[in-house]
């Protein structure tokens with residue numbers, strides 16, 4: 001972690017792989033989706049190309065051509081239903097997340113979520129997490145914004161909570177998300193649940209950790225000059 005003090009007013013969290021340890025179950029869901037539909041999907045390669053992108057963008061990548069919104073909706077419904085069934089049985093947060101977010105709020109920081117996930121996965125995640133307090137805003141991937149690495153989702157999250165992008169820290173587990181934070185003029189923390197610190201590196205990345213317990217134990221929040 002870098003030792004510099006940053007004036008920060010908000011933390012914006014990606015959801016899958018960042019708030020919840022869900023990425024292995026997304027991978028399993030794509031394997032099962034392929035099996036059911038007779039598709040030979042190179043899942044690791046596919047996820048490297050799509051993690052952080054919207055459902056419509058993922059469907060287009062999967063089919064290797066333009067798709068209709070109806071096709072995208074059907075692909076998304078099938079795959080995400082499989083995902084929720086699989087992960088629901090073993091749901092878990094990234095270690096220490098809820099306690100960390102609660103501590104951040106107690107220090108006067110605003111909390112928002114910026115995810116490529118759709119409203120169904122957002123509802124599934126939030127109902128299982130039961131965050132207290134709840135995020136001030138959640139921006140999803142089915143709201144018509146371009147997915148990551150474009151910064152639109154994070155910028156909209158910052159707009160909704162009235163935070164300047166330069167005073168936001170994005171928490172991300174994927175390279176596209178880290179890049180989206182950079183393009184949005186935001187600082188970032190790399191949450192290394194699915195990628196290595198070197199894969200999530202950048203001049204704007206102020207910490208790289210395995211989970212939120214590691215952040216808590218290093219007094220990360222105390223290094224931020226929060227604007228209450």
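The values are calculated or read from the model by the stated rules, or taken from the named source; none is laboratory data. Here the structure is a predicted model, which means the values were calculated and not measured. Using ideal geometry, Cβ is built from the backbone for each residue, glycine included, and neighbour counts are taken over all protein chains shown.
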Legend entry - Residue within segment 96-105 that is at pLDDT 95 or above, closer than 20 Å to residue 154 by Cα and loosely packed, with under 13 Cβ neighbours inside 10 Å present: no
Inset, instruction - Quick one: in segment 48-91, of everything that is over 15 Å from the mean Cα position of the chain (by Cα) and not in a helix (DSSP H, G or I), which residue is surrounded by the most Cβ atoms within 10 Å (Cβ to Cβ)? - result: 67
Inset, instruction - Please find, among 175, 165, 133, the residue that is within 14 Å of the chain's Cα centre (by Cα) and either closer than 26 Å to residue 214 by Cβ or free of Cβ contacts under 8 Å to residues at least 40 places away in the same chain (or both). - result: 175
Inset, instruction - Please enumerate the residues belonging to segment 174-219 that are closer than 19 Å to residue 95 by Cβ and assigned to a loop (DSSP other than H, G, I, E, B). - result: 174, 192, 193, 194, 195, 196, 197, 210, 211, 218, 219
Inset, instruction - Take segment 146-160 and flag every residue that is assigned to a loop (DSSP other than H, G, I, E, B), surrounded by 19 or more Cβ atoms within 10 Å (Cβ to Cβ) and touching a residue at least 40 places away in the same chain (Cβ under 8 Å). - result: 147, 148
